[in-house]
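No value in this document is a laboratory result; all are computed from the given coordinates. The structure displayed is predicted, hence computed values, not measured ones. FYI the Cβ positions are ideal-geometry reconstructions off the backbone, even for glycines, and counts take in every protein chain you see.
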Amino acid sequence: MSDVKEIICPNAPVSGDIRPPGSKSITNRALILAALADGKSELQGVLNSQDTQVMLDSLSRLGLAVEHDANENRCSVGGCAGRFCQSNADLWLENSGTSIRFLTSLCTISNGQYRLDGVERMRERPIADLVSALSTLGAQVHCEDQTSGCPPVTVNASSQRLRGGVANIAGNISSQFLSSLLMTAPAAETAVQLNVDGELVSKPYVLMTLEMMKAFGVHVEYPVDLSSFRIAPQGYQPRSYEIEPDASAASYFFGAAAVTGGSVTVQGLTKNALQGDIHFATALEQMGCEVKWNNASVTVTGRPLHGVDIDMNAISDTAQTLSTVAVFADSPTTIRSVGHMRHKETDRITAVVTELQRAGIRAEEFDDGLRIYPGTPQPAEIETYDDHRMAMSFSLLGLRARGIRILDPGCTAKTYPNYFEDLEALCDGSLQA
């Protein structure tokens, strides 16, 4: 793919069926849980992307038997209950925040020395709260640059493994910290009590983690408000596990229906999906779209769009998508409670506002959100900041306005390598789910 991708306006409303690739969030959780199990697990629907490849590569470097069939979207993992064959390993995680956070905890339960690092942007992404919680639970782990509190991270589990006990974890930066601790906690020497400090962001992702842990045979005690968790020592069971299509990826196709007045059905997802991002469809419904929840699919039909004032804390990975849809509404849209987006692949609040303004759209940012005013996009080259979601969300502008060109479209390889091909096929009616 070239370094620039011009989006071609379709000649008719975008309509059709599509099944996005497997969920990145579920794939990387399933790989961690399979690694912690005592025996071989078979995973179906596995996403093949940069973020999942770095996870697979890291598990192999730790000595696990991993077999990945990318053509069939299958993977088998020979779980070792946390007893890695390799006692020393350098793990390179590119810019996969999920991978480095999950693997940092995983490495504390084995018997070795490990170093985890990534690209320049990864060295700007916070991980100190996770490191502090792990240290409180008895692990020997630290950030090499203690001033920044960011990777690289080193773990010395040869002298001190994860013991257990009570630890607090900040809830306002990333739910991945909590998910990381939860998944590894059953392998600690004694029971683990985790207390969440402050408001927990992205709660659906924590619920996803808990449901997946349960599927692999582990029980966690917690109240309805997800303010604390108790995990007794226990073992994960190997199993066969089916991974849902990616609901965050589905948002772009739902958005295509919304901005063009078409009708798109995403196969393999339902209202009861593990992924909270499926409720991006609910946000579109609030804006005026028609949503049909089927037994094995979800259909969004575009209707005249109205601006909304919406809290997207729970589904922040789709806030960029809603921002571009909002351009075509009849009144301003305000997105709130997404301040944690500033710690993602890029500062997503500033990036979205900057690129909307580049396309001639009035947009404003505030500490934990942004406001988008309706307008007609002008021809523009959209910077993507090495952020896959910037590239995919801003492609929606080009479905209604000519001259929208996406710079570095290849950054979608992080979670959806074939996104632009699938979008074009859906737009011309040649894609079959």
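Estimated purely from DSSP H runs of n ≥ 4, each contributing -39500 (n - 2.57), the mean residue ellipticity at 222 nm for the chain is -8500 deg cm²/dmol once divided by its residues.
Between residue 215 and residue 71, the contour length at 0.36 nm per residue exceeds the Cα-Cα span by 49.3 nm.
Expressed in Å, the radius of gyration and Dmax of the Cα atoms of the stretch 259-395 are 14.5, 41. Inter-label distance, residue 11 to residue 60: 4.5 nm, where each label sits 7 Å from its Cα along the C-beta direction.
Listed values for the stretch 376-388 are Karplus-derived 3J(HN,Hα) couplings in whole Hz (6.51 cos²θ - 1.76 cosθ + 1.60, θ = phi - 60°), namely 10, x, 9, x, 7, 9, 8, 6, 10, 6, 6, 10, 3, and x replaces Gly and Pro. Between amide H atoms placed 1.01 Å from N, distances below 5 Å from residue 79 occur with 39, 40, 41, all of them 5 or more places distant or on a separate chain. Between the helical axis of 247-260 and the longest alpha-carbon principal axis of the chain there is an angle of about 10 degrees. May I ask for the angle, rounded to the nearest 10°, between helix 50-61 and the longest principal axis of the chain, with both axes built from Cα atoms and the value confined to 0 to 90°? Between helix and principal axis, roughly 10 degrees.
Gap in Å between the Cα centre of the stretch 1-64 and the Cα centre of the stretch 386-402? The two parts, judged by their Cα centres, are 20 Å apart.
Geometric descriptor of the chain, per residue, is 122 Å³ (volume of the convex hull of the Cα atoms). Mind checking which of 94, 221, 345 has the largest fluctuation in a GNM of the chain, springs on alpha carbons under 10 Å? So, out of 94, 221, 345, the one fluctuating most is 221.
Residues 308, 206, ranked from the fewest to the most other C-beta atoms within 10 Å, line up as 308, 206. Coupling constants for the stretch 312-329 follow from the phi torsions by the Karplus curve (6.51 cos²θ - 1.76 cosθ + 1.60, θ = phi - 60°), and in residue order they are 10, 3, 6, 10, 5, 5, 9, 5, 5, 4, 5, 4, 7, 4, 4, 4, 9, 7 Hz; glycine and proline get x. Between the listed residues 338, 289, 36, the Cα displaced farthest toward the positive end of the dipole of the chain, a dipole computed from Cβ unit charges relative to the Cα centre, is found at 36.
Across the stretch 149-179, no residue has a backbone nitrogen under 12 Å from the label position 7 Å along the beta-carbon direction of residue 124.
In whole angstrom, how far apart do the alpha carbon centroids of the stretch 181-236 and the stretch 79-127 sit? Comparing the Cα centres of the stretch 181-236 and the stretch 79-127, I get a distance of 20 Å. Residues whose amide H comes within less than 5 Å of that of residue 236, counting only those at least five positions distant or on another chain, are 38 (H built at 1.01 Å from N in the peptide plane).
The overall shape of the stretch 24-217 is rounded: from the C-alpha gyration tensor, with semi-axes ordered a ≥ b ≥ c, the ratio a/c is less than 1.5. Put simply, the amide H of residue 406, placed in the peptide plane, has neighbours under 5 Å in 5, 6, 7, 382, leaving out anything fewer than 5 places away on its chain. How far is helix 175-184 tilted off the main Cα axis of the chain, in degrees rounded to 10, range 0 to 90? The helix 175-184 is inclined about 30 degrees to the chain. If you run the Gaussian network model on the chain, springs between alpha carbon atoms under 10 Å, then out of 168, 272, 71 the most flexible one is 71. Site pair residue 191 and residue 421 shows an inter-label distance of 5.2 nm when each label is modelled 7 Å from Cα along Cα→Cβ. Quick one: Karplus J couplings for the stretch 292-308, per residue in order, coefficients 6.51, -1.76, 1.60, θ = phi - 60°, nearest Hz, x for Gly and Pro? Ordered by residue, 3J(HN,Hα) equals 10, 8, 9, 5, 9, 6, 9, 10, 10, 10, x, 9, x, 9, 10, x, 9 Hz.
For the chain, the number of Lys pairs separated by eight or more positions or lying on different chains, with C-alpha atoms closer than 18 Å, is 10.
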